[in-house]
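Enquirer: Structure below; questions to follow.
Read-outs throughout are calculated quantities, based only on the coordinates presented, and are distinct from any laboratory measurement. This is a predicted model, so every value here is computed, not measured. Neighbour counts are summed over all protein chains in view; Cβ atoms, including those assigned to glycine, are modelled from backbone coordinates with ideal geometry.
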Amino acid sequence: MPRLAIVVAAAVLAAGCRVGDLPDVPVAGGTAEIVYEIEVPARVDWRRTLAGFEVAGVDTEPTPALVGLVERALEELPDELLAVARPRTIYVVSSHERAEPGTGALAIGPDVYLLEGSLADTTTFDVVRLLAHELTHVHQFAALVASTPASSDDPLATTPLVTEFADATGWRRDGDRWRLAEPGGTTRYGATSPVEDMAEAVASVVVGDGATPIDGARVRWIVDHLGASTDALAAGRPWTPAPAVRYEADAALYDADAVPPGRHREVLVYGASAPWRAGVPDELVRRLAARGIRGDLLRVDDDAVERYAGRFHRADGVSFLVEVWNLRNAPGYVDPPDETLLTFVVAWP
């Protein structure tokens, strides 16, 4: 009997932010207008308008694959986020002097920078996550411009926007530092500051795949702030029972002959540790329908594993092949993991 060859996928690259250059503005008995000096690249090699956004490249080539990836990701962003966080320009750059090692993107004031390396061998929904994180920083910067920032090493954290989030999610101020009472409700990066916590939480809700679960306090704050349900914010994207682990795509985990036609295809594989129930396939169908992905799952005649599969579709023409494997009932495999395996093959028309 064969073994299942599944490997945990590499983590999505981190994201970061920078306010810009903050001038020292003396205020004596009154107020003063603060002007933020936002750096921009001295040279731009190419420009495109993608999904209504200005996208520019520095030391990069606008290959069809790169342009298509960025455009698909931009089209996936929810309107509710864009209503409060529309970037001025999105730059695709080969590198950036302010990007720390392992950074895949960063925001500087109202602009977003995507590092070319983060766009190689990745998926559209991974880029959606990067963009949602950075757009949250754009939103935070707009709140900073609209407020009178306090003197701080992290001025974004002094805005009413971020302090409201911090108060709702267990952050406490200790002098010029923030401390999180219960760090388990966010990602490791989110636990570094309320600024990053907020960005990580928004990105996780927008992607909505269960691979980076965020606690209820953060979800409620985001839903209230953006005025939309979690299904609306994650519309059109896969759902899995949380917690889930992303695996590397493997063609052996789905029926290649059943993959929908399309000009571009991507494979997303998740392992969910939640207990298997007889109603798991029906729940998945309902959850996907709530996100505008409609179809059905039927039992597949397979002696090796209890397995369900079906075609799903979005209103914009994007199609999915969805497969669900109950590895707790997999007599045809040696030592399978105690998980439910969910595979989504996404085909863009």
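Enquirer: Taking the Cα centre of the stretch 244-348 as the origin, how large is its charge dipole in debye, to the nearest 20, when only Lys and Arg (+1) and Asp and Glu (-1) carry charge on their Cβ atoms?
Expert: 600
Enquirer: For a quick check: sort Trp239, Trp348 by the number of other beta carbons within 10 angstrom, fewest at the front.
Expert: On the way: Trp239 24, Trp348 18.
By the 10 Å Cβ count, ascending: Trp348, Trp239.
Enquirer: Based on the mean of other beta carbon atoms within 10 Å per residue, what is the order of 163-171, 190-198, most packed first?
Expert: In descending order of packing, they fall as 190-198, 163-171.
Enquirer: In the chain, if the dipole is taken from +1 on Lys/Arg beta carbons and -1 on Asp/Glu beta carbons about the Cα centre, which of Met198, Ala83, Gly317 is farthest to the positive end?
Expert: Positive-most Cα among the choices belongs to Gly317.
Enquirer: Where both residues lie in the chain, what percent of DSSP beta bridges are antiparallel, nearest 5?
Expert: 80
Enquirer: Relative to the present Cα-Cα distance, how much length would full extension add between Arg177 and Arg48 at 0.36 nm per residue of separation?
Expert: Working it through step by step, the gained length comes to 42.4 nm.
Enquirer: Please name which of His225, Thr186, Leu253 has its Cα lying farthest along the dipole of the stretch 179-263 towards the positive end, using unit charges on Cβ (Lys, Arg +1; Asp, Glu -1) and the Cα centre as origin.
Expert: The one lying farthest along the dipole's positive direction is His225.
Enquirer: Averaging over every viewing direction, what projected area does the convex hull of the Cα atoms of the chain cover, in nm²?
Expert: 19.0
Enquirer: In the stretch 182-285, which trypsin sites (Lys or Arg not before Pro) fall in coil by DSSP and have 16 or fewer other Cβ atoms within 10 Å?
Expert: Arg188, Arg263, Arg277
Enquirer: To the nearest 500 deg cm²/dmol, what mean residue ellipticity at 222 nm is calculated for the chain from DSSP H runs of n ≥ 4 alone, each contributing -39,500 (n - 2.57), summed and divided by the residues?
Expert: Taken over the chain, the calculation gives -7500 deg cm²/dmol.
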